[in-house]
Amino acid sequence: AFEEKMYGDVWDKEKYLNWMYENLMAIKSVMSETASIYVHLDWHIGHYVKILLDEIFGEDNFQREIIWDIQVLSGYKTIAPNWVRGHDTIFYYSKSENRIFNKQKQPHKQEYLDRFNKIDKDGRRYFDGRGSIIYLDEAIEKGKAVGDVWSDIMSFQQNATAAEKVDYSTQKPEALLERIIKASSNEGMIVADFFGGSGVTAAVANKLNRKFIHCDIGVNSIQTTRDRLKADGAE
């Protein structure tokens, strides 16, 4: 019943925010000085919690508002008399200015690669529209730095038949956690999820050679995560 109240958005807003404030303070107290926190909440409450995060971690430690573009979905959302809601928001804060951040890369879009339409005497394709020559093979190898709008990671709403799905209502795709964990930690470090749900954070952390802490009040969460980690051969 408690879990249903938490995720059913039936709490009194003030009580919920007080509860969340206490949780965020407790989480900050166990974070290392190089640690970061990513907070993903829905549009009903996220902007209120953003104010708490500013107070707890400091406005100067607010790093980015990440927009996870979950794409336009079919059904009522597309016919409602309003803009179609197609994104989630993730708030990214660090505990201090001494944060770990490993820049992530992704492949360039084909429309960008198509600009490399000139060929030099050695047969290499290149592009010189910006005042300096860029070679196609180097551009492909280097990749494109990931920005704060993520449109290349499918949600389970888009991909309901995903093999990794365990039918847990708040489950996130592994690709989402992989990007976050790779960016803000190194191998051997500890990654914690205090609202662990289906255990995707722990599972991905294990695969990426990190240690992990998984917490959740729901028995279903603990059972789902245990089974998932056992199947992965986690210690």
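Overview of values
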item: Extension reserve of the Trp83-Trp43 stretch, reckoned as 0.36 nm per residue once the Cα distance is removed; result: 13.0 nm
item: Percent of beta bridges antiparallel (DSSP, the chain, rounded to nearest 5); result: 75
item: Given Lys118/Lys144; Lys144/Lys207; Lys15/Lys103, the pairs whose alpha carbons are separated by over 28 Å; result: Lys15/Lys103
item: Helix-derived mean residue ellipticity, 222 nm - over the chain, DSSP H n ≥ 4, -39500 (n - 2.57), to 500; result: -10000 deg cm²/dmol
item: From the coordinates shown, P(r) over Cα pairs in 10 Å bins from 0, in percent corresponds to which of (i) 7, 30, 32, 18, 9, 3, 0; (ii) 6, 25, 33, 22, 10, 4, 1, 0; (iii) 7, 28, 33, 23, 8, 1; result: (ii)
item: Length gained when the stretch Lys13-Cys215 is fully extended (0.36 nm per residue, less Cα-Cα span); result: 70.4 nm
item: Convex hull of Cα atoms in segment 15-63, direction-averaged projection (nm²); result: 3.5
item: Rounded if a/c under 1.5, otherwise prolate or oblate - segment 121-211, Cα gyration tensor axes; result: prolate
item: Highest average packing first - 113-124, 29-40, 199-210, Cβ atoms within 10 Å; result: 199-210, 29-40, 113-124
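No value in this document is a laboratory result; all are computed from the given coordinates. All values derive from a computational prediction rather than experimental measurement. Cβ sites come from the backbone with ideal geometry, for glycine too, and all protein chains shown count toward neighbours.
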